[in-house]
Amino acid sequence: MLFHNQAGILKNSPWEQEMITYKELHEQNHRITELSNVLRYLLKDRSMCDTQSCCELFHNYVSLVQEHMDTVDKNMYRDLLGSKDEKTNNVAKNFMSGSVEVKKILKSFTKQWCPVKNNNALKIKDHEQFLGSIDKLFDIVLQRIQDETEHLYPLVRSMAA
């Protein structure tokens with residue numbers, strides 16, 4: 001069961017107690033947005049795509065997005081789904097469905113462009129195709145962050161009030 005307070009969401013289970021604050025969620029979102037913008041700029045230059053620094057930044061981005069999605073999935077939906085309000089239930093279901101789609105897109109992207117496991121390399125044969133794919137990925141993730149900030153977090157907070 002989740003317990004809410006002004007600062008965030010307290011996850012309480014027999015095995016662990018973890019505080020997820022809205023501030024931490026916003027910080028994750030800010031870091032993901034920042035990395036999206038930096039990578040979008042760097043990756044336009046084909047010669048940057050093969051640098052270790054750029055590849056490490058990209059893999060850091062992927063890890064941050066996955067971690068954030070997992071955090072939201074584990075901590076935000078239970079109370080919304082338990083609500084008697086159909087609109088609230090639908091918001092939770094839509095975000096859950098969106099989360100599955102973002103994870104599929106991220107997995108597909110990394111499979112195509114980062115095919116070697118445990119290797120911080122991008123495998124880019126067609127730079128223009130890569131740019132189209134990564135711009136689409138960044139746009140989807142950034143839209144998700146905006147939707148969370150504008151719709152999901154306020155709804156979860158309102159349920160705690």
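Each value in this text was obtained by applying a stated rule to the coordinates, not by laboratory testing. Because the structure is predicted, anything quoted here is derived from the model rather than measured. So basically every Cβ, Gly included, is an ideal-geometry build from the backbone, and we count neighbours across all protein chains shown.
Within the bounds of the stretch 64-77, is there any residue that is of a type in the set (A, V, I, L, M) and surrounded by fewer than 15 Cβ atoms within 10 Å (Cβ to Cβ)? Checked the stretch 64-77: no residue is of a type in the set (A, V, I, L, M) and surrounded by fewer than 15 Cβ atoms within 10 Å (Cβ to Cβ). Just one of (1) in a helix (DSSP H, G or I); (2) closer than 20 Å to Ala161 by Cα; (3) of a type outside the set (S, T, N, Q) fails for Ile105. It is (2). Among the residues here, Asp139 does not qualify as surrounded by 15 or more Cβ atoms within 10 Å (Cβ to Cβ), in a helix (DSSP H, G or I) and of a type in the set (D, E, K, R).
Taking the criterion of being farther than 12 Å from Ala92 by Cα and within 18 Å of the chain's Cα centre (by Cα), the residues of the stretch 148-161 that qualify are Thr149, Glu150, Pro154.
Selection over the stretch 49-107 of residues that are closer than 16 Å to Arg144 by Cβ, hydroxyl-bearing (Ser, Thr, Tyr) and over 11 Å from the mean Cα position of the chain (by Cα) gives a count of 2.
Among the residues making up the stretch 49-99, those that are outside any helix (DSSP H, G or I) and among the hydrophobic types (A, V, I, L, M, F, W, C) are Cys49, Met76.
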